[in-house]
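Everything below concerns the one structure shown next.
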Amino acid sequence: KCIDLAAELGCPLINLISGAMPFGVTKEQAWPWHIDCIGRVCEHAEQANVTVALHTAPPNVSRVLTYLDDAIQLREDLNSPAAKIMIDTASQYVTEPNFADAIRKVADHLCYFHLCDTKPDGTPGHEPLGTGVIDFQNIVSTLKEVGYNQWMTVQLDAFVTPIDPDAWMISSYDHIKTVMQECGVWEG
């Protein structure tokens, strides 16, 4: 239904986060289940002309699709043109914090990018850009280097902190606009 809705709205991709594993199930047991289930999603996505962005998640969220190497392997095992890879700075900060290496590793299959910052003390989170320790200049420069020209979104967790989400979005927009201008990729 998500793919059908995306196609109906003209949305080119959906973000797919791997499901959690029941207690006692090993990654080796869960892997074929993922290939089967996500494979069926990708088959439907191919017919609808929608891309499936494989989203890794830290071990407390997914023990199957945790690292970018997992996403690369899953994409290879799925053997579907609809399966691509996305990067979420919140997830990669926990599992693979060298963003330049992470981007280069998946550059050929990268279709989507979630941007958020850490908490000011470096604790992982979905905070406004420019308020934590993530080097967005390095990220944008590396994206430029690999020729990435796809989607980027700011993903904030304004639901757990009593804040003004509009203010967070405006400050994040201003921050990434400045970074992109400094990197020579801002087109307005």
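Points to keep in mind about this one:
- Selection count where residues are at pLDDT 95 or above, polar (S, T, N, Q) and farther than 26 Å from Ala100 by Cβ, scope region 29-51: 2
- Scanning region 112-126 for residues that are hydroxyl-bearing (Ser, Thr, Tyr) and either at pLDDT below 95 or in a helix (DSSP H, G or I) (or both), we see that the one that is surrounded by the most Cβ atoms within 10 Å (Cβ to Cβ) is Thr118.
Residues checked against (1) crowded, with 20+ Cβ neighbours inside 10 Å; (2) within 19 Å of Lys105 (Cβ to Cβ); (3) at pLDDT 95 or above:
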residue	(1), (2), (3)
Ala7	no, no, yes
Phe23	no, no, no
Ala53	yes, yes, yes
Leu68	yes, yes, yes
Ile72	no, yes, yes
Asn79	no, no, yes
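The values are calculated or read from the model by the stated rules, or taken from the named source; none is laboratory data. If you're wondering where the values come from, they're calculated on a predicted model, not measured in any experiment. We place every Cβ from the backbone using ideal geometry, glycine too, and count neighbours over all the protein chains shown.
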